[in-house]
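Following: one structure in structure tokens, then a few remarks.
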Amino acid sequence: MTVDTAPVRASEQLDWSRIEEFLRRALPDCASAPMEVEQFPGGHSNLTYLLRFGEHEMVLRRPPFGPVPPRAHDMARECRLLQAVHPVFPLAPRPYLLCEDLAVAGFVFYVMERRRGIVIREEEPPGFRAHRRAISEAMIDTLADLHAVDIARHGLDALGKPAGFVARQIRGWTERWHGSKTSELPEMEEVAKWLDKRIPADPAQPSLVHGDYKLDNVILDASAPHGLVAVLDWEMSAVGDPLVDLGIVLCYWLYTDSVTARPGWFTRAEILERYARRSNRAVDNIALYEVFAVFKLAVVLQQIYARYVRGQTDDPRFATLGERVTRLARKASSLSGELG
């Protein structure tokens, strides 16, 4: 619901005095008042904190505690990507600074602006039923607008290698599955092989790809909920096939017990029709991307669950993620079976 903060979880406290000292030297706005810290409790991966210096607020992002998979949770990459994307897609928050000096806090982190508004997670705010269709439209239109950014004109094609993007995604997430699984799950092995045999051709027009575009990664305007004020969590962003993002939307929208299953939110057909019309892109082969998105989400949750099983986090929210991984694996297997 609202972008609420909470006291920092005891197991996720940082060396705030060293961080405060660093920020006071680096950012003039941090010199006005003592630093207050709260935590954004949502999300399952990177840790996000609210820092307040009097009237000045900012957001600190850091990787999760404990060992992380290679190339995952790369805060330096996410910050630099935001630096490149924010000027041409203002819904991406503006980053203020990046700290790669491990002597400051023991990890790489960055600080960005805070955007205020409403985030819908497990439940909708009162009275939001009337806004469901308008928010659906805004979500899909914003995704199409992101994919319409001219990456060559703005020099954003340097952010990635669009050739072979989907192939690398499928094989990379398969490797992450093998590196994080805590038990055998035959459906995941079957879907990985199914995907590897059906890698699509590269699109004629690659685009920015957000990589985790979903309802609780956008902030809605509190005064006009059909408008977006921010798109968050750019960790998995790249340059490649935009249909990967559309598959992710369908995955979260349809297969995760989301509020979007309720009447008034877009149906699958409405999502595809709106996106195709707004983006002028064909979506005929979207089912393959849908299977990949469900598979990928299963791996993402498995990586978090593995950290919990191995004692690298004690967040009680993660204790039942293994059950969700199993359900998603079966859904991906079912969807791929329908396609043959």
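Couple of notes before you dig in:
- Matching option when the condition is crowded, with 17+ Cβ neighbours inside 10 Å, free of Cβ contacts under 8 Å to residues at least 24 places away in the same chain and part of a helix (DSSP H, G or I), among Tyr308, Tyr275: Tyr308
- Within region 196-239, tally of residues that are over 22 Å from the mean Cα position of the chain (by Cα) and in a helix (DSSP H, G or I): 1
- Boolean, Lys296 is farther than 21 Å from Gly42 by Cα and either surrounded by fewer than 23 Cβ atoms within 10 Å (Cβ to Cβ) or touching a residue at least 12 places away in the same chain (Cβ under 8 Å) (or both): no
- Filter result for Phe107 (touching a Lys or Arg at 6+ places or on another chain (Cβ under 7 Å), surrounded by 15 or more Cβ atoms within 10 Å (Cβ to Cβ) and under 30 Å from Arg310 (Cβ atoms)): yes
- Among the candidates Ile135, Ile170, the residue that is closer than 19 Å to Thr260 by Cβ, assigned to a helix (DSSP H, G or I) and either assigned by TED's automatic domain parsing to the domain that holds Ala293 or acidic (Asp, Glu) (or both) is uniquely Ile135.
- Residue pairs meeting the criteria (Cβ under 9 Å; at least 6 apart or on separate chains; first in contact (Cβ under 8 Å) with a residue 40 or more places away in the chain and farther than 22 Å from Arg133 by Cα, in region 214-243; second acidic (Asp, Glu) and part of a loop (DSSP other than H, G, I, E, B)): Asp233/Asp212; Trp234/Asp212; Glu235/Asp74; Glu235/Asp212; Ser237/Asp212; Gly240/Asp202; Asp241/Asp202
- Scoring Val166 on the criteria (1) surrounded by fewer than 19 Cβ atoms within 10 Å (Cβ to Cβ); (2) within 20 Å of the chain's Cα centre (by Cα); (3) modelled with pLDDT of 95 or more leaves a single failure, condition (1).
- Any hit, region 145-152, residues being surrounded by 15 or more Cβ atoms within 10 Å (Cβ to Cβ), at pLDDT below 95, in contact with a Lys or Arg (Cβ under 9 Å, 6 or more places away or on another chain) and in a helix (DSSP H, G or I): no
The values are calculated or read from the model by the stated rules, or taken from the named source; none is laboratory data. Just so we're clear, the structure is a prediction, and the values are computed from it rather than from any experiment. Cβ sites come from the backbone with ideal geometry, for glycine too, and all protein chains shown count toward neighbours.
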